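Colleague: Have a look at this one before I ask anything.
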Amino acid sequence: MDEPLNQDSAVDELVFKSVGIIADNQTLSGAYPASPNFEPYKYCWFRDGSFIADAMSRAGQVKSAEQFFDWCADIILARKSQIENGQPLDARYTYDGQAADGDWQTFQLDGYGLWLWALAGHARRTERPIDKYRPAIDLSILYLEKHWQEPCFDWWEETKGVYPATLACIFAGLAAFNHPKAEQVRQAIDIKSARTDASLLICPVLGAVSQEGFAPTLADIEQRIVDPEGGVHRYADDEYYGGGQWILLAGLLGWQYMLAGRREEARQKLDWIVRRAQPNGWLAEQLPNHLLKPVSYQSWLDRLGPPANPLLWSQAMFITLASVLKT
Ligand code: BGC
């Protein structure tokens with residue numbers, strides 16, 4: 001266990017650096033690269049980008065957040081007939097909004113809920129008008145209405161199914177615009193039969209599962225995939241880079257702790273992240289410490305080099321946790 005870090009200035013400094021890292025890497029088109037230095041992540045994901053825009057909005061970076069929303073809206077409007085014809089959309093795109101190359105499976109629905117959630121949160125927080133997004137909002141809702149029950153790839157892009165985290169993100173997007181289907185989506189969320197996976201934390205965070213209802217799952221996550229040193233793994237059998245500690249998941253767990261009234265533990269997660277930042281403020285995707293499957297680490301290193309660093313989603317979850325701790 002780390003000693004408590006009673007340094008608000010260290011937190012403020014890392015928030016400042018994180019905002020700068022995100023802003024410096026945002027492209028002129030509004031896209032946020034998932035990671036500017038890691039070849040397979042030189043794309044913009046609706047999922048990562050929505051959390052990043054939400055964090056930038058919380059940090060007062062109105063223009064940055066809206067440029068991302070513009071990027072989303074352009075992609076959606078350009079695919080109007082595809083959406084109306086019931087065809088699937090991708091989870092990630094090139095910075096200029098084109099389909100990504102390669103065979104990486106990208107049918108994931110969560111991002112289309114998340115951008116709506118982030119946009120509505122931004123509008124509420126800043127009281128900025130979002131009328132210009134109406135056509136893209138309506139198309140996104142239509143898209144989610146058509147596909148929400150279909151199996152799609154999970155947050156980790158590994159297996160196909162109907163997953164609680166995906167449904168929670170769809171719920172949040174529909175609920176943000178008071179859509180009647182939101183409740184039906186919420187009721188389809190089954191956390192009890194889900195694998196112990198840190199992505200489940202998004203369910204209570206987005207209000208898709210009650211705090212009480214989530215308590216047993218949270219206890220299970222804490223017992224099985226949060227190591228005593230404080231790091232959070234994705235799931236117990238994770239082999240990607242040996243299954244390290246994911247920074248963004250420490251941020252997400254801290255956010256959940258705040259909502260569960262466990263402020264001190266939320267603060268500890270924030271401090272845990274501060275201690276793992278590089279001097280320039282970079283936060284990696286995952287740390288090669290306390291690996292779940294150490295034998296799997298080297299092969300990923302040989303194939304792709306070190307894990308993504310900085311990961312803009314990691315920077316974002318730190319900003320968000322710092323911001324909710326101030327409330
Ligand atoms: C993660 C995704 C993420 C992507 C870009 C993948 O390894 O599993 O959740 O969207 O990286 O950060």
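The values are calculated or read from the model by the stated rules, or taken from the named source; none is laboratory data. Predicted, not measured: the structure shown is a model, and the values here were computed from it. Heads up, the Cβs are rebuilt from the backbone with ideal geometry, glycines too, and the neighbour counts pull from every protein chain shown. We work out accessible area using only protein heavy atoms, side chains counted, and drop any ligands, DNA or RNA first. Shrake-Rupley method; radii C 1.70, N 1.55, O 1.52, S 1.80 Å.
Colleague: Considering only protein heavy atoms, what per residue accessible area in square angstrom results for the chain with a 1.4 angstrom probe?
Modeller: Details: 13670 Å² over 327 residues.
Ligands and nucleic acids excluded, the result is 42 Å² per residue.
Colleague: Dipole of the chain, Cα-centred, from +1 at each Lys and Arg C-beta and -1 at each Asp and Glu C-beta, to the nearest 20 debye? Don't skip to the answer; put the middle values down first.
Modeller: Details: 30 positive and 42 negative charges, 133 e Å.
Using only the charged Cβ atoms, the result is roughly 640 debye.
Colleague: Between K181 and L301, 0.36 nm times their residue separation minus their Cα-Cα distance comes to what? If you can, show how the numbers build up before the last one.
Modeller: Working: separation 120, 0.36 × 120 = 43.20 nm, distance 4.39 nm.
Full extension of this stretch gives 38.8 nm more.
Colleague: Roll a 1.4 Å probe over the protein heavy atoms and report the accessible area of R267 in Å², nearest 10.
Modeller: Using a 1.4 Å probe on the heavy atoms, I get roughly 50 Å².
Colleague: Any chance you could give the angle, 0 to 90 degrees and rounded to 10, that helix 164-176 forms with the longest Cα principal axis of the chain?
Modeller: With rounding to tens, the tilt is 50 degrees.
Colleague: Where q = 0.16, 0.19, 0.20 Å⁻¹, what log10 of I(q)/I(0) comes from the Debye formula for segment 179-327, counting one point per Cα?
Modeller: Each listed q maps to, in turn, -0.88, -1.16, -1.24.
Colleague: Take S193 and T159, extend 7 Å from each Cα along the Cα→Cβ direction, and tell me the distance between the two endpoints in nm.
Modeller: Modelled inter-label distance: 1.3 nm.
Colleague: How far is it, in nm, from the label point at D138 to the one at W104 when both lie 7 Å from their Cα along the line to the Cβ?
Modeller: 3.4 nm
Colleague: Moving on to the next point. So for the pair E145, A78, with labels modelled 7 Å out along Cα→Cβ, what separation do we get in nm?
Modeller: 2.6 nm
Colleague: Just to verify a number: what accessible area does Y235 come out at with the full protein assembly present, 1.4 Å probe, Å² rounded to tens?
Modeller: Surface accessible to solvent at Y235 totals approximately 20 Å².
Colleague: Hey, quick one: spin label on A10, modelled 7 Å out along Cα-Cβ, who in segment 235-257 has an amide N within reach, i.e. under 20 Å?
Modeller: 245-255
Colleague: So if the hydrodynamic radius of the chain is defined as the Kirkwood radius over C-alpha pairs, what does Stokes-Einstein give as its diffusion coefficient at 37 °C and 0.692 mPa s, in µm² per second?
Modeller: 166 µm²/s
Colleague: Once ligands and nucleic acids are excluded and a 1.4 Å probe is used, how much of D12 is accessible, expressed in Å² to the nearest 10?
Modeller: So the heavy atoms of D12 present about 70 Å² to solvent.
Colleague: Please report, as a whole percent, how much of the solvent-accessible surface of the chain comes from carbon and sulfur atoms (probe radius 1.4 Å). Show your work: numbers first, answer last.
Modeller: Numbers: 6770 of 13670 Å².
It is 50 percent, rounded to a whole number.
Colleague: Summarise the long-distance tail of P(r) for segment 226-314 by giving the % of C-alpha pairs beyond 18 Å. Display every interim value, and only then the final one.
Modeller: Working: 1712 of 3916 pairs.
Pairs farther apart than 18 Å: 44 percent.
Colleague: While we're here: Please report the relative contact order for the chain, taking Cα pairs under 8 Å with a sequence separation of at least 6, and give it as a percent rounded to a whole number.
Modeller: Working: 580 pairs, mean separation 66.5, N = 327.
Computed value for the chain: 20 percent relative contact order.
Colleague: Straight-line reach from K181: which aspartates and glutamates have Cα under 16 Å away, leaving out those fewer than 8 places along the same chain?
Modeller: Output for K181: D110, D138, E145, E150.
Colleague: Turning to a different aspect of this structure: If you line up the long axis of helix 110-126 against the longest principal axis of the chain, both from Cα atoms, how many degrees apart are they, to the nearest 10?
Modeller: Approximately 90 degrees, to the nearest 10.
Colleague: Further, regarding this structure: Computed over the Cα atoms, what is the radius of gyration of segment 118-183 divided by 2.2 N^0.38 Å, N being its residue count?
Modeller: Numbers: Rg = 13.2 Å, N = 66, 2.2 N^0.38 = 10.8 Å.
Taking N as the residue count of segment 118-183, the ratio is 1.22.
Colleague: Checking the cross-link filter: which lysines have an alpha carbon closer than 23 Å to that of K17, excluding same-chain neighbours under 8 positions apart?
Modeller: Straight-line reach from K17, under 23 Å: K42, K63, K269, K326.
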